[in-house]
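A quick write-up on the structure given underneath.
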Amino acid sequence: MSTSHDVTWTSSDNVAVDSVNVDWSAQGITGPWQTVAHALANDGSHTWALPALPTDSALVRVTAFDPGGNSTTRTSPALFRIVDVSGRRVWARREALAAGAHAWRWPGLDAAGSAAGPGLYLVRLTTPWGVRTTRLAWMK
């Protein structure tokens with residue numbers, strides 16, 4: 001099942017905007033950036049079929065080009081999520097920790113205490129300095 005989302009923009013130039021590229025990143029501003037659509041007309045909108053890649057660190061980037069090849073780029077103002085079909089949180093641990101290294105293991109249980117099935121899970125660490133997301137393959 002594919003979900004779509006309209007990417008919208010407003011761009012202008014003292015001569016004209018010749019074309020627009022739309023790219024996206026699943027890992028925030030550092031990329032890597034993947035093509036959504038390139039060489040679009042500057043009509044201000046493109047319908048994007050969202051990828052089947054769950055992430056909470058997605059960004060969209062729009063680059064506008066004038067006939068002389070000059071360009072300017074703008075990125076979506078905030079990270080957004082692309083979630084799995086159910087969009088659910090499987091497990092969470094929240095606590096304030098003192099400075100220093102910390103480690104813990106996920107017990108392989110969901111929030112209700114049932115065994116989580118094998119699969120690909122996203123792990124998100126949120127700190128005052130940012131958010132880090134990685135994938136976890138759970139095989140049992």
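Trp33 - would you say it is under 29 Å from Leu136 (Cα atoms) and modelled with pLDDT of 90 or more? Criteria met by Trp33.
Rundown of residues vs (1) under 22 Å from Thr126 (Cβ atoms); (2) charged (D, E, K, R), yes/no style:
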residue: Ser4; (1), (2): no, no
residue: Val15; (1), (2): no, no
residue: Gln27; (1), (2): yes, no
residue: Gln34; (1), (2): no, no
residue: Leu59; (1), (2): yes, no
residue: Asp66; (1), (2): no, yes
residue: Ala78; (1), (2): yes, no
residue: Ile82; (1), (2): yes, no
residue: Ala96; (1), (2): yes, no
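Does Ala92 count as more than 25 Å from Arg132 (Cα to Cα) and of a type in the set (A, V, I, L, M, F, W, C)? Let's see the steps before the verdict.
On the way: more than 25 Å from Arg132 (Cα to Cα): no; of a type in the set (A, V, I, L, M, F, W, C): yes.
The answer is no for Ala92.
Identify, please: which residue in the range 99-140 is outside any loop (DSSP other than H, G, I, E, B) and open to solvent by 80 Å² or more (accessible area, probe 1.4 Å) and is, among those, farthest from Ile82 (Cα to Cα)? Applying the filter and picking the extreme gives Ala115. Selection of first residues in the range 50-62 that are under 15 Å from Gly28 (Cβ atoms) and among the polar types (S, T, N, Q) and of second residues that are at pLDDT 80 or above and crowded, with 20+ Cβ neighbours inside 10 Å, restricted to Cβ pairs under 8 Å at least 6 apart or on distinct chains, gives the following pairs, ordered by first then second residue: Ser57/Ser25. Quick check on Leu59: is it at pLDDT 80 or above and open to solvent by 70 Å² or more (accessible area, probe 1.4 Å)? Answer is no for this residue.
Of all the criteria given as (1) loosely packed, with under 12 Cβ neighbours inside 10 Å; (2) more than 21 Å from Pro67 (Cα to Cα), the one not satisfied by Val36 is (1). Residues to consider are Ala64, Ala112, Ala49, Ala101; find the one that is over 24 Å from the mean Cα position of the chain (by Cα) and either of a type outside the set (A, V, I, L, M) or at pLDDT 80 or above (or both). The match here is Ala101. Filtered by the rule that a residue be open to solvent by 100 Å² or more (accessible area, probe 1.4 Å) and modelled with pLDDT of 75 or more, the range 84-98 gives Arg93, Arg94, Ala96. Can you tell me which condition Asp18 does not meet? The list is (1) in contact with a strand residue (DSSP E or B) (Cβ under 6 Å, 6 or more places away or on another chain); (2) open to solvent by less than 80 Å² (accessible area, probe 1.4 Å); (3) closer than 14 Å to Asp66 by Cβ, and all the others hold. Against the list (1) in contact with a strand residue (DSSP E or B) (Cβ under 6 Å, 6 or more places away or on another chain); (2) open to solvent by less than 80 Å² (accessible area, probe 1.4 Å); (3) closer than 14 Å to Asp66 by Cβ, Asp18 comes up short only on (2). Could you please let me know if Thr30 is under 18 Å from Thr134 (Cβ atoms), free of Cβ contacts under 8 Å to residues at least 24 places away in the same chain and out of contact with any Ser or Thr (no Cβ under 9 Å at 6 or more places or on another chain)? Yes; evaluated as a whole, the condition is true for this residue.
The values are calculated or read from the model by the stated rules, or taken from the named source; none is laboratory data. All values derive from a computational prediction rather than experimental measurement. Ideal geometry is used to build each Cβ from the backbone, glycine not excepted, and the neighbour counts take in all protein chains shown. Heads up: the accessible areas ignore ligands, DNA and RNA and are worked out on the full protein's heavy atoms, side chains in. Shrake-Rupley method; radii C 1.70, N 1.55, O 1.52, S 1.80 Å.
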